[in-house]
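Participant: Shown below is the structure under consideration.
The values are calculated or read from the model by the stated rules, or taken from the named source; none is laboratory data. Bear in mind the structure is a predicted one, so any value in this text is a computation, not a measurement. Neighbour counts run over all protein chains shown; Cβ positions are idealised from the backbone, glycine included.
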Amino acid sequence: MTYTIKVKEEIVKNPLNETEKICELSGFLRFSGLFKDNISITLENASVTRRIYCHFKELFNIQPKIIIRNQKRFRVKQIYILEINEKVEHILKVLNVMEDNKKVLPENYLFSTKEEIIAYLQGVFLATGTINDPAVSGYHLEIVTNLNREAIFIVNLFKKININAKYLKRNSKYMVYIKNAEVISEIIRMFKATQSYFYFEDIRIYRDHKNMVNRLNNCEIANQEKTISSGLKQLEDIKYLKDNDLFSLLDDSTKLVLEYREKYPETSLKELADIITMETDYKIGKSGVNHHFIKVRNLIKKHQAKE
């Protein structure tokens, strides 16, 4: 069972009031139904099929015809087809899908409450939405539509409840998508898929923690490499002073610092300062050690300029 199916099977267990049922069924029907002389809906999930069947029965007092077929493409699976042959025009009008044999423009939909918007988006997600399993791939939620205006409509609906979504054209269809982990988690919570939400959050927190540890490790490695590189350069400067008889020109405190650099070539400036302070009477900090190496560098530059 995929993660998307688990989310959807949790969603369909949640009770709705009559208005929310109309909104959910409207969203579902618009994005998955075929309308001619009747209404035909093809579904792949038994739980979602039961939910949609019950909505039609409770809202319109009808019993849709159910056709079950076995699809043998790639693997055998059952396909459920709901057919409504009565009250078709009335149903499509109540659900604000069709009026006067024309599809109602999505931007003409009116919602009174946030709950109605959520119910409608829930229906759209049940019809054509997917969410990647966070444990096996990147964070990704998508809803596929046939028309550009429908994609814009869904993006704007999300915006009404303070959720940022984007859309793009993919082949002949349009994909509304969200890649932000926190936003996807909020949508799952908003749809009241509680167990799926906890699972998603556990994976998200684990991955965030792992990424943070990796960043800290990378930062630590980079700092170590920088410290070693800096120490090697300072050792080269010390060798230059000695090879060119410049060491005697230094004061005693600078000579002490250079002596300890040769003894501890891989330590940072802070560690070197602590060691000198602990092992000698000369109290010095990181900036003091750095100041001595600046003096060394300036002396070398002067000598090289004369050559």
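Participant: Does Ser26 satisfy the condition of being hydroxyl-bearing (Ser, Thr, Tyr) and in a helix (DSSP H, G or I)?
Facilitator: Answer is yes for this residue.
Participant: Okay, next question. If a residue must be surrounded by 14 or more Cβ atoms within 10 Å (Cβ to Cβ) and within 58 Å of the chain's Cα centre (by Cα), how many such residues does the stretch 236-249 contain?
Facilitator: Residues flagged as surrounded by 14 or more Cβ atoms within 10 Å (Cβ to Cβ) and within 58 Å of the chain's Cα centre (by Cα) within the stretch 236-249 amount to 4.
Participant: Name the residue, out of Leu43, Leu34, Leu25, that is surrounded by 14 or more Cβ atoms within 10 Å (Cβ to Cβ) and modelled with pLDDT under 90.
Facilitator: Among Leu43, Leu34, Leu25, only Leu43 is surrounded by 14 or more Cβ atoms within 10 Å (Cβ to Cβ) and modelled with pLDDT under 90.
Participant: Shifting gears a bit: Among the candidates His291, His303, which residue alone is at pLDDT 85 or above and assigned to a helix (DSSP H, G or I)?
Facilitator: None of the other options fit; the residue is His291.
Participant: Those residues that are over 16 Å from Phe125 (Cα atoms), within 16 Å of the chain's Cα centre (by Cα) and without any contact (Cβ under 8 Å) to a residue 24 or more places away in the chain, I need them from the stretch 165-194; list them, please.
Facilitator: Hit for the stretch 165-194 is Glu182, nothing else.
Participant: What's the number of the condition Val155 fails, among (1) over 28 Å from Arg30 (Cβ atoms); (2) of a type in the set (Val, Ile, Thr); (3) without any contact (Cβ under 8 Å) to a residue 24 or more places away in the chain?
Facilitator: Evaluating Val155 over (1) over 28 Å from Arg30 (Cβ atoms); (2) of a type in the set (Val, Ile, Thr); (3) without any contact (Cβ under 8 Å) to a residue 24 or more places away in the chain leaves (1) as the failure.
Participant: Determine which single condition Thr130 fails, assuming it passes every other condition in (1) within 21 Å of the chain's Cα centre (by Cα); (2) of a type in the set (S, T, N, Q); (3) modelled with pLDDT under 90.
Facilitator: (3)
Participant: Separate question: So is Tyr240 in a helix (DSSP H, G or I) and farther than 30 Å from His303 by Cα or not?
Facilitator: No, not satisfied.
Participant: Name the residue that is surrounded by the fewest Cβ atoms within 10 Å (Cβ to Cβ), counting only residues in the stretch 250-273 that are among the hydroxyl-bearing types (Ser, Thr, Tyr) and free of Cβ contacts under 8 Å to residues at least 40 places away in the same chain.
Facilitator: Tyr264
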